[in-house]
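Just below is one structure, and these are the notes that go with it.
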Amino acid sequence: QVQLVESGGGLVQAGGSLRLACAASGRTFSSYTMGWFRQAPGKEREFAAAISWGGGTTDYASSVKGRFTISRDNAKNTVYLQMNSLKPEDTAVYYCAAVKYGTYWSVRSADYGYWGQGTQVTVSS
């Protein structure tokens, strides 16, 4: 089993930046495509970004493309989400996730089998 713990959330003014980190425990971290999802109050969970196991493939939701950057350091078992030019609309709980075993690439939440507890990001206007 892979366990994921997010950190780095907080309160930031619009236009500011935050860097989220997701620390993973498990022997096969480098084999997993990893993703970041977010859920705002009263809204459905939505995809934000994903990165392949080797880091060679990334994808972003149109709402964050150009502002967010996903990266990973397999040696440290950590995935990052650099968030720049934050907007109030980015306010949400951010979750990192790992795909189910046997899934190599996906931006679908249903294909992710391991989830962190989430970290709150609040962007003030």
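The values are calculated or read from the model by the stated rules, or taken from the named source; none is laboratory data. Everything numeric in this text was worked out from a predicted model, so none of it was measured. Counting neighbours? That spans all protein chains shown, and the Cβs are built from the backbone with ideal geometry, glycine included. In case anyone asks, the SASA skips ligands and DNA or RNA and just uses the protein heavy atoms, side chains included. Shrake-Rupley method; radii C 1.70, N 1.55, O 1.52, S 1.80 Å.
State whether one or more residues within region 54-63 are surrounded by fewer than 16 Cβ atoms within 10 Å (Cβ to Cβ), of a type outside the set (Lys, Arg), assigned to a loop (DSSP other than H, G, I, E, B) and touching a Pro at 6+ places or on another chain (Cβ under 8 Å).
Of all residues in region 54-63, those surrounded by fewer than 16 Cβ atoms within 10 Å (Cβ to Cβ) come to 54-58, 62-63.
Of the ones still in play, those that are also of a type outside the set (Lys, Arg) are 54-58, 62-63.
Cutting the leftovers down to assigned to a loop (DSSP other than H, G, I, E, B) gives us 54-57, 62-63.
Within this subset, residues satisfying the condition of being touching a Pro at 6+ places or on another chain (Cβ under 8 Å) are none.
Among the residues of region 54-63, not one is surrounded by fewer than 16 Cβ atoms within 10 Å (Cβ to Cβ), of a type outside the set (Lys, Arg), assigned to a loop (DSSP other than H, G, I, E, B) and touching a Pro at 6+ places or on another chain (Cβ under 8 Å), which makes the answer no.
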Run residue 103 past the list (1) more than 16 Å from residue 6 (Cβ to Cβ); (2) of a type outside the set (A, V, I, L, M); (3) free of Cβ contacts under 8 Å to residues at least 24 places away in the same chain and report the number of the one that doesn't hold. (3)
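From 23, 98, grab the single residue that is in a strand (DSSP E or B), touching a strand residue (DSSP E or B) at 6+ places or on another chain (Cβ under 7 Å) and either modelled with pLDDT of 95 or more or open to solvent by less than 40 Å² (accessible area, probe 1.4 Å) (or both).
Numbers: 23 fails: either modelled with pLDDT of 95 or more or open to solvent by less than 40 Å² (accessible area, probe 1.4 Å) (or both).
Sole residue among the options that is in a strand (DSSP E or B), touching a strand residue (DSSP E or B) at 6+ places or on another chain (Cβ under 7 Å) and either modelled with pLDDT of 95 or more or open to solvent by less than 40 Å² (accessible area, probe 1.4 Å) (or both): 98.
Return the residues of region 101-125 that are over 18 Å from residue 10 (Cβ atoms), outside any strand (DSSP E or B) and open to solvent by less than 20 Å² (accessible area, probe 1.4 Å); say none if nothing qualifies. Before you say what the answer is, go through the steps one by one.
Within region 101-125, the first condition is being over 18 Å from residue 10 (Cβ atoms), and the residues that meet it are 101-115.
If we keep only those that are outside any strand (DSSP E or B) too, we end up with 101-111.
Hit for region 101-125 is 106, nothing else.
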Please go through region 1-19 and pick out each residue that is surrounded by 13 or more Cβ atoms within 10 Å (Cβ to Cβ) and either without any contact (Cβ under 8 Å) to a residue 40 or more places away in the chain or under 16 Å from residue 112 (Cβ atoms) (or both). 2, 3, 4, 5, 6
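Of everything in region 26-52, what is part of a strand (DSSP E or B) and open to solvent by less than 50 Å² (accessible area, probe 1.4 Å)? Give them in sequence order. It would help to see each step written out before you state the result.
In the first step, residues of region 26-52 are kept if they are part of a strand (DSSP E or B); the result is 34-39, 46-51.
Listed by number, the residues that qualify are 34, 35, 36, 37, 38, 47, 48, 49, 50, 51.
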With (1) within 13 Å of residue 20 (Cα to Cα); (2) open to solvent by 40 Å² or more (accessible area, probe 1.4 Å); (3) among the aromatic types (Phe, Trp, Tyr) as the list, and residue 68 as the residue in question, which single condition is left unmet? (2)
